[in-house]
Structures are given as C-alpha cells and as structure tokens.
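The values are calculated or read from the model by the stated rules, or taken from the named source; none is laboratory data. Being a predicted model, the structure only gives us computed values, none of them experimental. Glycine gets a Cβ as well: all are built from the backbone with ideal geometry, and neighbour counts include every protein chain shown.
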Amino acid sequence: MKRKTRQRWFLFAFLSPWLILFAVFGLYPILFSFAVSFTQYSGINPNMKFVGLENYIKAFQDEVFLIALKNTFFFVVGTIPFTTGIALLIAILLNNKRLKGKDFFKSAFFLPSVISMVVISMIWTYMYSSNGLFNTLGSLMGFTMEDRSWLASTKTALPAIMFMDVWAAFGYYVILIFAGLQSIPEQLYEAARIDGAGSFRIATKITLPLLKPTLFFVIAINTIRSFQIFSEIYTMTGGGPRNSTQTIVHYLYEVSFRKFEMGYGSAIAYILLMIIMIITLIQKRVLRKEV
Amino acid sequence: MFKKVLIVFIAILMVVTVCSAKTKLLFWEFMMDDDTANKVIEDYEALNPDVEIEFVQLSWATGFDKIVTAFAAGAVPDVLELGNTWVANFANEGVLTDISNEVEKFPHIVGWNQSEYDGKHWGYPWLLGTRAMFYNMDLFIKAGLDPENPPETWDELVDAAKKIHALGDDIYGFGMGTGEPQTPWQEWFLPAVWGNDGNILSEDMKTATMDSEAVLEAARMYQELSEYSIKTKSRDLRAVFGSGKIGLWIGQADAITNFSTTYPDTNYMVCFVPKPSNDKGFHASFAGGEILTIPNASKNKEEAKKFIEYLISEEVTMNITKRVPSIFPSTSKASENPWFEDHPLEYIFFLQNALAVPAPQHPKWVDIQYKLSEAIESIVLDYTDVEETFNKYNRQIQTILDDFNN
C-alpha cells in the first residue's frame, strides 16, 4: 500500500467514530424527518401515507402555528438586542485594565450558562409565583401586587420568560465578546491616542469595526438559539395561558409527541429551518459587509 | 460411547435450562416509588418463582415521551401504566390489547369507563384520584358563614365566595385554575358541566355541544364565580389557600399532607364538590386515573394479566395509597380498610371518587382540551361574552371532530 493511501486510511479510521455517530444520530434523523414531513405518520404505528405538501400548507392555515410564529419572532426581537447589548457593555467594562477582580466577575456572569435551563426555569417559576420573590419585593416596596403568578397572565407570561432568558444567556456572550476585545492589538489604541483620537472615536473607529466578526458570531448564534427556545416554555408554561407563550419548537413538540402527528411536526421543523437560514443569511450580508 | 453420553448430557442440560427459565416481565409505571415497587415485586416473585419482574419508574416530566418512543421503536414493556386521558389515543393507534373479556372477572373494580374507547376496554383501572373542595373554616366564620355547612350548590358557592371576597382585596372567595393546559377545565369547569348533566361532546363523540344550555349555564356560573376568585396556576392556588387567603378551592388529596407540614395553622375542611342545585344534577368531579395496559407487542400477555390481577388487589393498592395519599384503590373493597378511619379527609376523596367522571375518551382530546381551556380562560380572564365565546370554540372543536372522522 502506498504511503499516501495508507495515510488516507488512517485518517478515515480516526474520523470514523465521529462519522458513524453523525450518520446514525445526526444525518439519518435529519433525512428521515424530511421524508416524514411529506407524510401522515403518527410515530406510534408504522403506517405512513404520502400527502405531498399538505403538512406545509396546513401550517400556514393553522391558527396556533401562526401564534407560535408571532411569539417566537417577538421573543427573538425582544431578547437579542438586550442580551447582546448588556453583554457588550459588560465586556467593555471588564476589558478595563484598572478593574480589579476581573476573573470573579467573569465567572459570576458566566455561572448561569453552566446551569441547566430546566433548573433555571424551575427556580424562576418559583420566583414568579404568587408568593415568590417578585411579588414579595413589590409588596415590600409598597406596590399593590396581585396574588397570582406572573406566568398565569397572557400579558405578563411571555415578557417574564424573556426577562429570565436575557439574564440566563448574556453571561455566555460576555465571555465571547470579551475574548474578541482582547484580540484587538493594543498598538492600534496607542497609535490612535498619539493621533489625538478621543474615547468615542476610538470606540467607533477601532473597537466596533474590529469586533464585528465576534458580534456577527454572537448575534447569529443568539438568533438561532432564540428561535429554538423550548425548555423554558416546556418547564414554565407549557405554551399557555391561551397560547400566549407558545413558540415554534414547543408547538412542534406538542404536535409530534402529544398529538401524534409526526409528519406535521417534521414539516414545522423544516419551516423553522428555512426561517433560521434566511435570517442568518440576511444577518451575514448586513453585518459582514464591512468586515 | 463418550459421544453418546455427551449428547444425552447436553440434551438434559437444555431441557433443564428451558424448564427452569423464568418468564421476564417488563413493567413501566409512574405511581410507585422504588421502595414500594421493590416490596410489591418481591412479594409477587415470592408467590410466583417462575416469573421475574423488571421494573422501570417513569417520571411525569419525561415518561410520556419515553412511552411514545418505545412504541415507535417497538421496544415496549409487558405491563404499562397510562394516565386515563392517554388511553384512547394509544388504543386508536392499535397498539394496546383489548381486555374487554376480562371486565366481568373483577366485579369490585370501579372506574372501567376510564379505560373504555370505541366500545372496548383497553386496560385495568388501577389507582383513582379525584378532586374535592377545600374550605377555610376561619374565613367562613369571619364572613358569617356556617363552617359546619359548606356550600352544596352552585348558588351557595357563589354566595359564599362573594361574602369571603368582601373581607378584603387580598382575600379571595374561590381559587380558580388558569394558565395551564389542563387546570382550567379539570378544576373545575368541565366537572361542573358534567354535574349539570351536560357534556361538551355528544355521546357518539361526533358533535361538539359547547353551545348546549347545560354547558352555557355552567359557563355563566363560572364567569360570575371568577369575579370573586384568584385566577392563577394550581401550585400558586395551593400556596395561597395554605396561607389562609382563599375561602374555597377545588384541589387534590395530596394537598392534605402538604398543608399539615407547610401550613399547619390553616384551619380547613374538605367536602364534596357542589352540584347545580338541590333538585338537579350531582356532585361531579374530575376522575384522574391510572390504567394498567398490555401493549399489543407484548409476548407475555397471560403472565402480564396475572401480574395485573395482583397489582389491582386491595393489599397492593392500599399500600400505594398509604405512601402516596392522593390516589386511591380502584377496588371498592378498600372502603372498609381501617386506614381510612385515621384519615377522614382522605376518605372524603375516596367517596368523591364514586362521583368522578373521566374526560371524554376521544383520540383528539389533547387538541379539544386546549380549545376548551382557551374558551374558559377567555370568559374568566377577559370576561368575554359567554354565548359568543362558546359558539366560537364550539365551531373549532367541531372542526377537530370532523377532521378526525373524515
């Protein structure tokens, strides 16, 4: 066997565990669910009936799906600016050389990212409950608080989950943006200062342009993650009250695993995939223009 | 010669192995904790040395998904516990064993209607849980009501709730479940409809009847009651009742244990759920129930039936009730069990079970219940017009039924 051929075999042998796992647990389910999205299939018994594009058409005539779509967009638009904005602000503060205890702050902000979202959701469910932290604090501050959970009202349930999500997510992005800031060469700042540039000019002409690739990455993964919001909804509200917290992934879970409509659930999953792809491409065009 | 001896020896060994092989039964359940299950299984295995039970405890958070996945993969247990509202769905998919010819063998078992779908029975009622009405005796006295005579009718209930709510803005006459998929109809709108001799589906389950007078009467009462109620999630209702700020609340029996440890100072009693009026209807409550089923793919159906016969016995079910006092035996023989003498509040729940009604066993119940909960929340949270709202949701439920029937 030639040396090159042998090398190729070695390469394949070392990659094969990952390739096999990906093929079985990644690629196969992806392709299978794509095929299933064109069928009527309960998932429990093996009967499958080809229905063409019916599931995709049904989605856009389904009132609950449209509510879930609207709620998901509201969630994405309502959380990403705050998550990214707060993360950027804190990362800039942490980047200050005179700040003491940087490592402590970094760990503290990152802490929610290492806790399971289900655990966080359960803790916040208690905090939002009728006699939870928020109602107790409100009463102590002299406000008239209703004895009801923040998650039981159609007006407050989704904003309450969004608030929690911003708290739980921003720490992770602080670390990413902080790493991006650290990678900007110090000489550029020194040169700018010698040339008489002020703080604002340095921020807009050096920091932000050089941070753009990091910001693009942060916004892109934040968008994808936000579109896929599930465990918070599943744990805290189950999509209620009156579908006010229903989101796309939670709805596709309900459709597939509660109503046994795997075909329809798969179609919803592929609609979500298309939405995420389009939005990510738009973001790429807008944010990468000048990078 | 040696060869022959070896062949005979191997043949004997094989016969002995086959004869001594134990039947392995796989049992998936939610209700028993490890200790209870191990004791129950040990006792059964001692009585049946040829059977080995492998037990898996499912959690309410993930159990349903695990069951669905097991059916999809064809890796099902021999005995499977299902919630009563799930049975029709699985039966409709043709994955459960029809056990209709077993019903007559168990005259003491109640709640067979919880496992019935399409005129057949798909499982054995095992443990039954229902709701009864809790009322705060101190608030009753403060509001000038007689704590010895809790409300028995809808009018009495609304009147009591109004008087209690008049005690203060942060004192509520009634605790009304909202904000969750099931609570709005389970506790307590739909049982009120059943108590009023009505239902939201026709008997053949082909027509939505949310616009019927029996349903609308219950809806009007519920909307009026909501004016004096706190409307939130069931967990919150329990906490607010425990802290002495709710006069009346329809809840589950496990609250008794919870109150005795977390809110020992709350002075409360339990009574039957009210009925429409003295000369009409009955004290209906929601029947929650655990059904033991045998999946079609099980290879040990006869052994599974034998094991289920043991599981639904008074001895085993009372053992579970003592550890989980929110759910009660399906056998009527348990009414004479001395444990109830020391647990009078739990006994009221056990008696309420006889008046409990299960949700309609329709495979599309999940979709229907969401619509029903939306309708209820609309009239009690946004005070929308009862007739208009229920007509709207009646049409939506009819569409679900028509889609299913076509």
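Summary of values
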{"quantity": "Test for residue B:72: is it within 14 Å of another protein chain (Cβ to nearest Cβ), farther than 29 Å from residue B:354 by Cβ and not in a helix (DSSP H, G or I)", "calculated": "no"}
{"quantity": "Residues (β-branched (Val, Ile, Thr) and loosely packed, with under 13 Cβ neighbours inside 10 Å) located in the stretch A:70-100", "calculated": "A:77"}
{"quantity": "Residue match in the stretch A:35-51 (condition: in contact with a strand residue (DSSP E or B) (Cβ under 9 Å, 6 or more places away or on another chain) and surrounded by fewer than 11 Cβ atoms within 10 Å (Cβ to Cβ))", "calculated": "yes"}
{"quantity": "Of the criteria (1) assigned to a helix (DSSP H, G or I); (2) surrounded by fewer than 19 Cβ atoms within 10 Å (Cβ to Cβ), which one residue A:169 fails", "calculated": "(2)"}
{"quantity": "Which numbered condition residue B:114 fails, given (1) closer than 30 Å to residue A:235 by Cβ; (2) more than 14 Å from every other protein chain (Cβ to nearest Cβ); (3) assigned to a strand (DSSP E or B)", "calculated": "(3)"}
{"quantity": "Residue check for residue A:204: buried (at least 20 other Cβ atoms within 10 Å of the Cβ) and either out of contact with any strand residue (DSSP E or B) (no Cβ under 8 Å at 6 or more places or on another chain) or of a type in the set (Phe, Trp, Tyr) (or both)", "calculated": "no"}
{"quantity": "Of all residues making up the stretch A:134-159, the number that are more than 10 Å from every other protein chain (Cβ to nearest Cβ) and small (Gly, Ala, Ser)", "calculated": "2"}
{"quantity": "Pick from the stretch B:234-265, criterion hydroxyl-bearing (Ser, Thr, Tyr) and within 14 Å of chain A (Cβ to nearest Cβ), ranking: surrounded by the fewest Cβ atoms within 10 Å (Cβ to Cβ)", "calculated": "B:262"}
{"quantity": "Test: residue A:55 is modelled with pLDDT under 90, more than 30 Å from residue A:211 (Cβ to Cβ) and either acidic (Asp, Glu) or surrounded by 14 or more Cβ atoms within 10 Å (Cβ to Cβ) (or both)", "calculated": "no"}
{"quantity": "Any chance residue B:166 is touching a strand residue (DSSP E or B) at 6+ places or on another chain (Cβ under 8 Å), among the small types (Gly, Ala, Ser) and modelled with pLDDT of 95 or more", "calculated": "no"}
{"quantity": "Residue selected from the stretch B:222-233 under the condition more than 14 Å from residue B:185 (Cα to Cα) and part of a helix (DSSP H, G or I), by the criterion nearest to the other protein chains (Cβ to nearest Cβ)", "calculated": "B:225"}
{"quantity": "The stretch B:258-309: number of residues that are within 19 Å of residue B:112 (Cα to Cα) and in a loop (DSSP other than H, G, I, E, B)", "calculated": "3"}
{"quantity": "Residue count for the stretch B:276-323, restricted to those that are out of contact with any strand residue (DSSP E or B) (no Cβ under 8 Å at 6 or more places or on another chain) and within 30 Å of residue B:151 (Cα to Cα)", "calculated": "3"}
{"quantity": "Where residue A:108 falls short, out of the listed (1) surrounded by fewer than 16 Cβ atoms within 10 Å (Cβ to Cβ); (2) modelled with pLDDT of 95 or more", "calculated": "(2)"}
{"quantity": "Filtered residue count, the stretch B:169-200, keeping only those that are on the phi < 0 side of the Ramachandran plot and not in a helix (DSSP H, G or I)", "calculated": "17"}
{"quantity": "Residue in the stretch A:125-132 that is within 14 Å of chain B (Cβ to nearest Cβ), touching a residue at least 24 places away in the same chain (Cβ under 8 Å) and either under 28 Å from residue B:231 (Cα atoms) or not in a helix (DSSP H, G or I) (or both) present", "calculated": "yes"}
{"quantity": "Filter result for the condition that a residue is more than 25 Å from residue B:311 (Cβ to Cβ) and either small (Gly, Ala, Ser) or in a strand (DSSP E or B) (or both), over B:359, B:375", "calculated": "B:375"}
{"quantity": "Residue under evaluation residue A:119, criteria (1) in a helix (DSSP H, G or I); (2) surrounded by 14 or more Cβ atoms within 10 Å (Cβ to Cβ), criterion not met", "calculated": "(2)"}
{"quantity": "Subset of the stretch A:176-230 [touching a residue at least 40 places away in the same chain (Cβ under 8 Å) and outside any helix (DSSP H, G or I)]", "calculated": "A:228, A:229"}
{"quantity": "Odd one out for residue B:219, checked against (1) buried (at least 19 other Cβ atoms within 10 Å of the Cβ); (2) in a loop (DSSP other than H, G, I, E, B); (3) among the small types (Gly, Ala, Ser)", "calculated": "(2)"}
{"quantity": "Cβ pairs under 7 Å, 6+ apart, first in the stretch B:367-388 and within 20 Å of residue A:65 (Cα to Cα) and at the interface with chain A (Cβ under 8 Å from one of its Cβ atoms), second assigned to a loop (DSSP other than H, G, I, E, B) and among the polar types (S, T, N, Q)", "calculated": "B:377/B:178; B:378/B:384"}
{"quantity": "Lone unmet requirement of (1) modelled with pLDDT of 90 or more; (2) farther than 22 Å from residue B:284 by Cβ; (3) assigned by TED's automatic domain parsing to the domain that holds residue B:87 for residue B:383", "calculated": "(3)"}
